[in-house]
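Undergrad: My questions will all concern the structure given below.
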């Protein structure tokens, strides 16, 4: 009788533990708040295949404009996640009446990748290096102009940070996309542009544009002979496009760590790194704590630059 009672009690104690199903036990919904075919979409489609294999469940990608609100309001169980680029750190300062709080309502999981921007000039530009180019541009005063991929983009803010740090004058000319900005330099309509890799690497390698520097802290694998802005002329300069992964605030730490580990292992795969390079992206994993610190720094930098550049909430 005592033995039967003990076994029954032990079974009752074990029942709750047995009832807890390990995460994940069903597909994970990944919201991308942009249309298909963009940089975030293409990058996450490279990464979610291997991540799903590691986790044992597939990711189901949904491209939903305004989709960040869906994740902010989702159940915090790890089954609805958000992939967002660096605009995540700036949108709260540029968009009015957002029905959620970017800082309060999302738990960082990991930084996934970065896209360095390439400072391109015309192929016939005579300045031999970035320092010489800055001296030339400063001497031109307001007679030059520079292109970007559009207001508030990483191309715009990196270009603005560059002219601010270098003391260059001239007008900013926003275009509608990275390719148009690079083409403006190619046509001689503007003096320079911080271009995305997909829009500029082919033109640089084909000799149609010159790359003076890249905006990242380290050199690009695809353009190893091109220095960073920081090493060539402006110490400490760094501004890149990046992509991160978030869960709703309140998601259990163990769940976040499971997804974070899958991201880390995926981004360490050479074949994944090669596929990202084709997109102009570089694997740049940060765990949730490092990513949270990076995110706070990015919010401060990007909001300041946007304000200095005259961007206001609409």
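The values are calculated or read from the model by the stated rules, or taken from the named source; none is laboratory data. Remember, it's a predicted structure, so these values are computed and weren't measured experimentally. All Cβ positions, even for glycine, are placed from backbone atoms using ideal geometry, and neighbour counts span all protein chains on display.
Undergrad: For segment 104-148, give me the residue count where each residue is surrounded by 14 or more Cβ atoms within 10 Å (Cβ to Cβ) and within 30 Å of residue 261 (Cα to Cα).
TA: Final tally of qualifying residues: 13.
Undergrad: I need the full set of residues from segment 87-99 which are buried (at least 16 other Cβ atoms within 10 Å of the Cβ) and in contact with a helix residue (DSSP H, G or I) (Cβ under 6 Å, 6 or more places away or on another chain), in order please.
TA: 89, 90, 93
Undergrad: Quick one: which of 290, 215 is in contact (Cβ under 8 Å) with a residue 60 or more places away in the chain and out of contact with any helix residue (DSSP H, G or I) (no Cβ under 7 Å at 6 or more places or on another chain)?
TA: When all the criteria are applied, what remains is 290.
Undergrad: Has segment 128-149 got any residue that is under 30 Å from residue 245 (Cβ atoms), in contact with a strand residue (DSSP E or B) (Cβ under 9 Å, 6 or more places away or on another chain) and either modelled with pLDDT under 95 or not in a loop (DSSP other than H, G, I, E, B) (or both)?
TA: yes
Yes/no per residue for (1) surrounded by 24 or more Cβ atoms within 10 Å (Cβ to Cβ); (2) at pLDDT below 95:
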residue	(1), (2)
152	no, yes
161	no, no
180	no, yes
194	yes, no
200	yes, yes
207	no, no
215	yes, no
237	no, no
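Undergrad: Next question, about the same structure. Look at segment 49-91 and say how many of its residues are touching a residue at least 24 places away in the same chain (Cβ under 8 Å) and closer than 22 Å to residue 306 by Cα.
TA: Residues meeting the conditions: 9.
Undergrad: Given the residues 58, 27, 22, which is the only one that is at pLDDT 90 or above, in contact with a helix residue (DSSP H, G or I) (Cβ under 6 Å, 6 or more places away or on another chain) and on the phi < 0 side of the Ramachandran plot?
TA: Answer to the check: 58.
Undergrad: Of all residues in segment 169-178, count the ones that are under 16 Å from residue 309 (Cβ atoms) and either modelled with pLDDT of 95 or more or in contact with a strand residue (DSSP E or B) (Cβ under 8 Å, 6 or more places away or on another chain) (or both).
TA: Total meeting the criteria: 6.
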